[in-house]
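> One structure coming up, written as structure tokens, with questions to follow.
The values are calculated or read from the model by the stated rules, or taken from the named source; none is laboratory data. Remember, predicted model here, so these are calculated numbers, not experimental data. A quick note on method: Cβ atoms are made from the backbone with ideal geometry, for glycine too, and the neighbour counts reach across all protein chains shown. Surface areas here come from the heavy atoms of the whole protein model, side chains and all, with no ligands, DNA or RNA. Shrake-Rupley method; radii C 1.70, N 1.55, O 1.52, S 1.80 Å.
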Amino acid sequence: MARRALARVSDSEAFLRPLGGYFRDRFDSMDPAPERLRVLFVSPYPICPPVHGGGVFMYQTLRELAKTRGSARGGVAGLCLAGRGQPELRQFCASAEWIVHRGEGPRA
């Protein structure tokens, strides 16, 4: 019977639980004063080379975040959702990954 009581949640709780931030805040204990923050920086387009306005803004923001996170390459991870591999981001990010678009047309 105790298990059934634990499984019973309100509608609002049921709609909130799938949200990543809510689930983590609700069920994961976090250090109230972490030594340093970890940041995932996601860009919808290529950052390097920084030749267009958005790329320049993203590049500078990422560099400054990496500096303020403490040690060399800080706690910043970069993720680009477009473009090609950009190894120069690994010079100041803890990690950098890319999801390369294949250029396929829309699905029917």
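> Taking interchain pairs and intrachain pairs at least six residues apart, which have beta carbon atoms under 9 angstrom, with the first residue in segment 36-65 and charged (D, E, K, R) and the second open to solvent by 30 Å² or more (accessible area, probe 1.4 Å)?
Arg36/Arg69; Arg36/Gly70; Arg36/Ser71; Arg38/Arg69; Arg38/Ala94
> Taking segment 79-97, which residues are surrounded by 13 or more Cβ atoms within 10 Å (Cβ to Cβ) and either over 18 Å from Phe41 (Cβ atoms) or at pLDDT below 80 (or both)?
Answer for segment 79-97, where residues must be surrounded by 13 or more Cβ atoms within 10 Å (Cβ to Cβ) and either over 18 Å from Phe41 (Cβ atoms) or at pLDDT below 80 (or both): Leu79, Cys80, Leu81, Ala82, Gly83, Gly85, Gln86.
> Considering only residues that are loosely packed, with under 11 Cβ neighbours inside 10 Å and outside any loop (DSSP other than H, G, I, E, B), which ones fall in segment 1-23?
The answer is Ala2, Arg3, Arg4, Ala5, Leu6, Ala7, Asp11, Ser12, Ala14, Gly20, Gly21.
> Output the residue which, of all residues in segment 41-78 that are among the hydrophobic types (A, V, I, L, M, F, W, C) and open to solvent by 70 Å² or more (accessible area, probe 1.4 Å), is modelled with the lowest pLDDT. Break it down stepwise before answering.
The initial filter retains those residues of segment 41-78 that are among the hydrophobic types (A, V, I, L, M, F, W, C), namely 41-42, 47-48, 51, 56-58, 62, 65-66, 72, 76-77.
With the extra rule that they be open to solvent by 70 Å² or more (accessible area, probe 1.4 Å), the set shrinks to 51, 57, 72.
Values: Val51: 81, Phe57: 88, Ala72: 45.
Among residues in segment 41-78 that are among the hydrophobic types (A, V, I, L, M, F, W, C) and open to solvent by 70 Å² or more (accessible area, probe 1.4 Å), the one modelled with the lowest pLDDT is Ala72.
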